[in-house]
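This report concerns only the one structure given below.
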Amino acid sequence: MSQVIDQHITDDYAIYNGDCIEVLKGMPDNSLHYSISSPPFESLYTYSNSDRDMGNSASSDEFFDHFKFLLKELYRALMPGRMFSMHCMALPTSKARDGFIGLRDFPGEIIRAAQELGFIYHSEVVIWKDPVTAMQRTKAIGLLHKQLKKDSCISRNGIPDKIVTLRKPGDNPERVEHTNESFPVHVLQQYASPVWMDIDPSDTLQFRAARESDDERHICPLQLEPVRRCIDLWSNPGDTVFTPFAGIGTEIFTAVQKGRKGVGAELKTSYYKQAIKNIDAGLLESKGLF
Ligand SMILES: C[S@@+](CC[C@H](N)C(=O)[O-])C[C@H]1O[C@@H](n2cnc3c(N)ncnc32)[C@H](O)[C@@H]1O
């Protein structure tokens, strides 16, 4: 039985309410030009009770067993020489869950899982995050000032977001060629910086309407500007940009705004519906209709 519950297909974009692995299986080999997404950070946030929700993993091994099916399909469906990017961060461990206070290198684990399947580690950018905001939000003891008085060996740096990008080997049959006008040198210098200090954390789509019941704790929409930069750099207008974890539509919305075809899958029906609203509003805006 197909697990795709619903779909919404227009001339500009397609979004499926279902499991990204199922959705990808329906895509022809070498057909996707680029993929960008933010995966569920294992069990840090659980979006639904579904077994197919990658946020519902009991352990890191269980998450990666599941995640590798996605990477395998992504590898098949991506065009040679083209890339996928994932927004992620190191994950704080806890004494109760992991037996120690520290960090897990989740971005590195994604890179290694993708390399095992043949992808090439291509690029990585760090997105600065304010440690004070993180301290207020998470109350992590490593960030608390009072910890300095107890034992500052437990104090640590804030955890930045990262976007890691991996490339499918092979010659790119459709080059992404820019001009001095479309991509001036000062813009390249900004994009090529290994640290993006200038990302506004509140530059996201609105999301409150998507909260529907107790089984969801968080939706953490990606900021729009990092997605714009990656799409500019690694795809052509008219290209198909795929997001396996569409959430409330950030990546599809941005792809459409940038003149690409956005395609995505989202498991959770309330987010899927909100994504359609957000993307349609974005489309009207870019056509100057409101
Ligand atoms: C970090 S959020 C993505 C947020 C998105 N970047 C945005 O800005 O709206 C991860 C999403 O993956 C979805 N998800 C988890 N497992 C999935 C699966 N197997 N297939 C499709 N979506 C899935 C969750 O419901 C959640 O909305």
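Some notes on this structure:
- For the range 88-160, the Cα gyration tensor yields ellipsoid semi-axes of 28, 15, 9 Å (square root of five times each eigenvalue, largest first, whole Å).
- Full-stretch length increase - Lys146, Ala96 - with 0.36 nm per residue and alpha-carbon distance subtracted: 15.9 nm
- Alpha-carbon radius of gyration plus Dmax, which is the widest Cα pair, for the range 37-136 in Å: 14.8, 44
- Sparse packing (at most 16 other Cβ atoms within 10 Å of the Cβ) combined with a DSSP loop state is found for the following trypsin sites (Lys or Arg not before Pro) in the range 37-128: Arg52.
- Nonlocal amide H pairs with Ala14, under 5 Å, H built at 1.01 Å: Gly262, Val263, Gly264
- Computed over the range 215-290, the P(r) tail beyond 16 angstrom holds 48 percent of alpha carbon pairs.
- Accessible area of the range 1-145 divided out per residue, in Å², using a probe of 1.4 angstrom: 47
- Members of Lys25/Lys95; Lys129/Lys287; Lys72/Lys287; Lys72/Lys268; Lys68/Lys287 lying beyond 29 Å, as alpha-carbon distances in this model show: Lys25/Lys95; Lys129/Lys287; Lys72/Lys287; Lys68/Lys287
- Model label points for Asn180 and Lys72, set 7 angstrom from Cα along the Cα-to-Cβ axis, are 5.0 nm apart.
- Stokes-Einstein D (µm²/s) once Rh is taken as the Kirkwood radius of the range 77-232 over alpha-carbon pairs, at 10 °C in 1.306 mPa s: 86
- Euclidean distance between Cα centres, the range 219-265 to the range 5-36, Å: 13
- The trypsin sites (Lys or Arg not before Pro) of the range 152-191 that DSSP puts in a loop, and whose beta carbon has at most 14 other beta carbons within 10 Å, are Arg175.
- Ellipticity at 222 nm from helices only: DSSP H runs of n ≥ 4 in the chain, each -39500 (n - 2.57), divided by the residue count, give -10000 deg cm²/dmol.
- Total charge dipole magnitude, the chain, about the Cα centre, Cβ charges on Lys, Arg, Asp, Glu only, Debye to nearest 20: 800
- Reduced Cα scattering model of the range 219-258, Debye log10 I(q)/I(0), q = 0.23, 0.25, 0.29, 0.32 Å⁻¹: -0.70, -0.83, -1.08, -1.26
- Multiplying the residue separation of Leu188 and Glu22 by 0.36 nm and subtracting their alpha-carbon distance yields 56.1 nm.
- Less than 5 angstrom separates the built amide H of Trp196 from those of Val126, Ile127, Trp128, all sequence-distant by 5 or more or on a different chain.
- Euclidean distance of C-alpha centroids, the range 184-202 and the range 123-152, integer Å: 23
- Between the residues Asn30, Ile15, Ile154, the greatest Cα displacement towards the positive end of the dipole of the chain, with unit charges on the Cβ of Lys, Arg, Asp and Glu, is found for Ile154.
- Rg of the Cα atoms in the range 126-212, relative to 2.2 N^0.38 Å, amounts to 1.64.
- Computed from the alpha carbon atoms alone, the convex hull of the chain holds 147 Å³ per residue.
The values are calculated or read from the model by the stated rules, or taken from the named source; none is laboratory data. This is a predicted model, so every value here is computed, not measured. Positions of Cβ are generated from backbone atoms using ideal geometry, with glycine treated the same way; all protein chains shown enter the neighbour counts. Ligands, DNA and RNA are stripped out before the accessible areas are found, and what is left, the full protein with its side chains, is counted by its heavy atoms. Shrake-Rupley method; radii C 1.70, N 1.55, O 1.52, S 1.80 Å.
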